[in-house]
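As structure tokens, the structure follows; a few thoughts come after it.
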């Protein structure tokens, strides 16, 4: 906006000013000359004004105009143009000094006014631009509002549609539900109908059957017979017995016997299963007691007393239940006791395990640090050492490279000298090769050293692992023999043993991680080195680099050539076009395309005939 | 695996004797009894008409041949070839005939299920049982042969009568809470009777031997219900296959459902082995052609080879879209059978007809799925070991065991078959029950125009009379012996 303001042409603005002046003049009814004059006095000098002034004062009305001016000026607070009259009769004289002063003051005033006007105008412009901006903003916002409104309407429409759809779907669902209900009712009614029909049919069928039975069976059917050579004996070798009440009773008995046998068999099975489960339970209980009893002192001492009392209960229970005879009692008497005690113990065990878990996690975090930092430090030291070595190697390589480059640079400076010194370079090359092989050997040594290091580290890890295992087994043994230990000891052991497995594992994992890390770093290191070497390798022999630079140069030149050619072509083209235009105009005012083709055609021509053109 | 020569057969009638020594088969009106080991004809009986049904007595001494068209039953004795017995049902007609478990009584069901006549071979006595229900499985005997349960229908109500088989005395008679009883089956221990309703209603009722209702189970309503029921040999489980494509396993303690086996067409679990039968047409290389078949026509000309491939999960099985507006839609579990050791359950979902599911009952989960190229027609467990034989109506018999799967080409094209006829079709498989393990040959019958029988022998079985086609020697599978 400010820029725009500065850009505004002052001349233009002045012009516009005058224009505005005119308009204002025309607008304002020139009722009084005075006001016009005031206005005129405030405006900058312009031709119009000049002409106006010239019209104002003529040779004839000097006096009048002076007096008029005097009057005017006095009304504005300027000192009078006339000298102080001594007497009334004497004609007042024009005071030149006062006039000049007035003029000067007027001019100053004029300038001030101009300045003010300028300011006001700039202000005005600023405000106008502000206004414009705001208007544009306003219109933009309006547009935005419109679009958002439209969007909103669209969304509302969509929402409405979706709701409509939803309603429809709901309706459909309801319809479907109704349909299902209806169908179910139909099915039910059909089922009853079917059953009814079936029954009816069956009755008829039964009647028919009955009738048939009468017809077929009651008539002495001679055909129904068995023709047998001789009767065979029963499979069991016994003779058939008559059917009597006795046999009926016997059959009943037998049936019940079979059923009883089955039930007995099943009961036996269940008993066996029960016994098995009881055994498992007992074993579990025993193990739990043995597990919990050595450490029960600890919770009594340390933690809440509730577990302690529970344990004492458990102890009593254990004392009771450990008697074998208890197990042979029927479940009902023992069940409650047993389940309660098991539940209690289970709770204790659970809390214990949770506690241990917590401790393990805590100790794990602590122990992790102080145990493994050492080894890690070792490793870090080693890696640091190795890195240092690598650094040294790199530096050496760098110096070599620098030297080579210096030589190369000198060689590159002028081809003639290089050509001259070619023989020398060959010699140099030989030397470098020697150096290179030496360096390679060094590298090999380094690598060997590193390998030995890693091997040592691996060995260390393995040893550590073995040691850990040994310790774990020892701890386990101790844990198993815990009961023989005094409580404090056992406590410690327990603490360890509880998490020994996991911590061991963690240690192992850490080890393995480190082991993994090491070869990794090694493997990382060597390629870096190698890459460095390979990077430096082309640098050290002169030829390849030289070649590179050469090729680069050649590339550059080619690019230049390529760049140049279009530039060269352009004027030609222009020229060609010119000629072409001329030519085409001259020859035939064909189509544009034709013209272009002609252009391309003539382009070559022009290229050829370039010299002919001015 | 060795195969015998192909025997003629009619009406798919061939049965091993319960003791596993003999094999009875029918050719029109002739009954041929062979020795299982030698396959030589031991006896040959001639009946009065075409035989429609045969059954061995439990002691393997008698064979019953029923000729339903004539209303006749003829009984033959294996020990006394001259002994004969003919039972004529006369104008009452005959629709079913079976032995009682003692092997001395024959139960004949007259036409229209008017009554069941119990004929004794020991005495002159004849007993009648009225009102037997005409249903799929209306009679069942306990394993020990002591009791028979019979479904009855009186006054539009279902009843079950329990008879003592020794003297056909009625032991219990009770009505069942069913709309239309369809089947009854004793548990193998003979103490629990499972009763199920028709497919219109899902209902299984369990009765004790003394007629007490132990439990009733219904999985759902308003939909087609039970299609098949099977007891586990240990009587511990009752598997109920239904039209919703699920098998529900009930336990014997609470009679509640313990698990539900769904039969999804897509198998995603990587633990499940899916065997897919793959057919490979043999490359007609020069080696095949230049080598003339050792016995032209005698050996089978395998048009294509089939073998199992283990499909990688997820597998989607081929399903059949059932026609729901017809009666007996092809959906639901139509076949299910427990292995003899109760460890496995084989099922077939009728709308995935080419697949057999094998379930592990110990872990109550799916164990393996076999997808055949053609619909499975029948399967049967080996009575000795967990081994399942499957036939699909093709010319192969398929064997599954927990160790793996096997497809065996049955030599069908004998010299009798006219050249150019299609491959034979295996329609059923029967395992022989033997006392000894390791010798359980399967029979497969072929339902081609000349129905023939092929006895499958173990490698090493003496078949002096039947030189095996040399082409088959290479087919014996050492893994199965």
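For segment A:175-207 versus segment B:45-109, the inter-centroid distance based on Cα atoms is 43 Å. Highest average first, the peptides B:35-47, B:244-256 ordered by how many other beta carbon atoms sit within 10 Å of their residues are B:244-256, B:35-47.
Taken residue by residue and averaged, Cβ atoms of other chains lying within 10 Å of the Cβ of B:111-120 number 3. Approximating the spin labels as points 7 Å out from Cα along Cα→Cβ, the residue A:171-to-residue A:347 distance works out to 6.2 nm. As a length-normalised measure over Cα pairs under 8 Å and 6 or more apart, the relative contact order of segment B:134-262 settles at 14 percent. For A:63, A:72, the sequence from fewest to most other C-beta atoms within 10 Å is A:63, A:72.
For an R0 of 51 angstrom, estimate the FRET efficiency from the Cβ-Cβ distance between residue A:383 and residue B:403 and round to the nearest 0.05.
Calculated value: 0.40.
Stretching the chain fully between residue A:357 and residue A:443 yields a gain of 25.9 nm (0.36 nm per residue, less the alpha carbon separation).
Could you rank the peptides B:91-97, A:395-401 by their average count of other C-beta atoms within 10 Å per residue, with the highest value first? If you can, show how the numbers build up before the last one.
On the way: B:91-97: 20.0, A:395-401: 13.9.
Going by the mean number of other Cβ atoms within 10 Å, highest first, we get B:91-97, A:395-401.
Could I have the simple spin-label model distance between residue A:58 and residue A:473, label points 7 Å from Cα toward Cβ, reported in nm to one decimal? In this crude label model, residue A:58 to residue A:473 measures out at 14.1 nm.
Per residue of B:88-96, what is the mean number of Cβ atoms on other protein chains within 10 angstrom of that residue's Cβ? All intermediate terms of the calculation are to be shown ahead of the outcome.
Working: counts 7, 6, 8, 8, 7, 1, 0, 0, 0.
That works out to 4 on average.
Each of B:243, A:68, A:138 was scored by other Cβ atoms within 10 Å of its Cβ. Arranged with the fewest first, they read A:138, A:68, B:243.
Listing A:260, B:78 from the residue with the fewest other Cβ atoms within 10 Å to the one with the most, what is the order?
A:260, B:78
Distance between the modelled labels on residue A:139 and residue A:480, one decimal in nanometres: 9.5 nm (7 Å Cα→Cβ projection).
Can you figure out the FRET efficiency of residue B:278 with residue B:321, using R₀ = 22 Å and their beta-carbon distance, to the nearest 0.05? It would help to have the intermediate numbers written out before the result.
On the way: r = 24 Å, r/R0 = 1.10.
FRET efficiency, residue B:278 to residue B:321: 0.35.
Please work out the FRET efficiency for the pair residue A:225 and residue B:365, using the Cβ-Cβ distance as r and a Förster radius of 45 Å; give the result to the nearest 0.05. For R0 = 45 Å, the calculated efficiency reads 0.20.
Values in this text are rule-based calculations from the coordinates and carry no lab data. Just so you know, these numbers come straight off a predicted model, no measurement behind them. Reconstructed Cβ throughout: ideal geometry from the backbone, glycine too, with neighbour counts over all protein chains shown.
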